[in-house]
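What follows is a short report on a single structure.
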Amino acid sequence: MIRGLLSSLRPGQWTKNLFLFAGITFSRNLLNLRMFLVVSAAFGLFCLLSGSVYIFNDLLDRGRDRLHPIKRLRPIASGQVPVRPASAFALLLASVSLTLSFLLSPSFGFVASAYFALILAYSLRLKHIVIVDVMTVAVGFVLRAVAGAVIIDVPISPWLLICTVLLALFLVLGKRRHELVLLEEDAEGHRDILKEYSPYLLDQMIAVVTASTVMAYALYTISGQTVQKFGTTRLSWTLPFVLYGVFRYLYLIHRKGSGHRPEEVLLSDLPLLLDVMLWALATFLILYL
């Protein structure tokens, strides 16, 4: 049961919390050891907090998850972890992580609380409202980026927040499409909101978000504010990595049937992983060296 509880925290999805490092990276404080340790502590707390929300979500969806070819193997849906211990563990984890968040920084604690309330509202109600469901998840990514900035008291560019929400929408819409195609006629039985979508509608939404993401990032790299802040226009040199990453992910969605778990796609597809690493290296060299 202990192993099942730890698995229910979904450590594989903690890569989403790396958005907390956006503030320290683009404020050029990544090499500041004190700030890096503070953000790392915030990252750990967000991992615990998001893990508690995952358990709450699995508890609420355990009946429908049993109808899913993949999610039925989750510890709570499969019966490996009983409901009462899972509920107690999730409550304890959420209480501890939120308390430590406020002790680390009151402003960070408020953002963490907002994130917890938002994702809990998503699990209870918002995920049943068409379009609002995917936008709620995207806002969760924005709150991660904001949390990483407020914990070290640095401003974060509105452009980066825009890029974050658009990238999150891109990933979430791809996940919705994968679920719809994978489950086919059983889609509505697993998730009611899927009946409001169709592959064609999702493809149209993905197309809009894809173009918007690339354009927003391109404008960010050449905006006067960015050039003045970093003293260089070379950040635009990283645009080819962004383009390739977006195109590669679209290829994996449409030709390889991927997209159900974006974090697994990133870690399992070597070309995409190398592209992200090269983008990170190029960004670091431009901003810091």
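Taking the stretch 262-276 as the range and being in contact with a Gly (Cβ under 6 Å, 6 or more places away or on another chain) and modelled with pLDDT under 95 as the test, only 263 passes. Farther than 28 Å from residue 287 by Cβ, assigned by TED's automatic domain parsing to the domain that holds residue 108 and surrounded by 19 or more Cβ atoms within 10 Å (Cβ to Cβ): is that true of residue 3 in this structure? No, not satisfied.
The residues listed here are 211, 282; of these, the one that is more than 20 Å from residue 18 (Cα to Cα), part of a helix (DSSP H, G or I) and either free of Cβ contacts under 8 Å to residues at least 40 places away in the same chain or over 19 Å from the mean Cα position of the chain (by Cα) (or both) is 211. Filtered by the rule that a residue be more than 13 Å from residue 153 (Cα to Cα) and surrounded by 14 or more Cβ atoms within 10 Å (Cβ to Cβ), the stretch 29-39 gives 30, 32.
Only one entry of 176, 248 meets the criterion of being within 30 Å of residue 67 (Cα to Cα) and either assigned to a helix (DSSP H, G or I) or not assigned by TED's automatic domain parsing to the domain that holds residue 15 (or both), and that entry is 176. Residue by residue through the stretch 127-154, note down the ones that are crowded, with 19+ Cβ neighbours inside 10 Å and more than 15 Å from the chain's Cα centre (by Cα). Selection gives 127, 149, 150, 151, 152.
Can you work out which of the residues in the stretch 11-68 that are assigned to a helix (DSSP H, G or I) and among the polar types (S, T, N, Q) is nearest to residue 116 (Cα to Cα)?
Filtering the stretch 11-68 for residues assigned to a helix (DSSP H, G or I) gives 11-26, 33-60, 62-65.
Then drop every residue that is not among the polar types (S, T, N, Q), which leaves 13, 15, 17, 25, 40, 50, 52, 57.
Numbers: 13: 16, 15: 17, 17: 13, 25: 24, 40: 19, 50: 8, 52: 9, 57: 12 Å.
Checking each candidate, the answer is 50.
Here residue 266 clears all of (1) farther than 24 Å from residue 15 by Cα; (2) touching a Ser or Thr at 6+ places or on another chain (Cβ under 8 Å) except the condition numbered (1). Scanning the stretch 69-86 for residues that are in a helix (DSSP H, G or I), of a type in the set (A, V, I, L, M, F, W, C) and either surrounded by fewer than 20 Cβ atoms within 10 Å (Cβ to Cβ) or free of Cβ contacts under 8 Å to residues at least 24 places away in the same chain (or both) yields 73, 77, 83.
Residues are listed down the side, and each one gets a yes or a no for (1) at pLDDT below 90; (2) under 27 Å from residue 156 (Cα atoms):
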{"residue": "178", "(1), (2)": "yes, no"}
{"residue": "182", "(1), (2)": "yes, no"}
{"residue": "185", "(1), (2)": "yes, no"}
{"residue": "191", "(1), (2)": "yes, no"}
{"residue": "197", "(1), (2)": "yes, no"}
{"residue": "203", "(1), (2)": "no, no"}
{"residue": "206", "(1), (2)": "no, yes"}
{"residue": "212", "(1), (2)": "no, yes"}
{"residue": "218", "(1), (2)": "no, yes"}
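Do we have any residue at all in the stretch 42-60 that's assigned by TED's automatic domain parsing to the domain that holds residue 151, over 27 Å from residue 124 (Cβ atoms) and touching a residue at least 24 places away in the same chain (Cβ under 8 Å)? No; the residues of the stretch 42-60 include none that is assigned by TED's automatic domain parsing to the domain that holds residue 151, over 27 Å from residue 124 (Cβ atoms) and touching a residue at least 24 places away in the same chain (Cβ under 8 Å).
The values are calculated or read from the model by the stated rules, or taken from the named source; none is laboratory data. Remember, it's a predicted structure, so these values are computed and weren't measured experimentally. Counting neighbours? That spans all protein chains shown, and the Cβs are built from the backbone with ideal geometry, glycine included.
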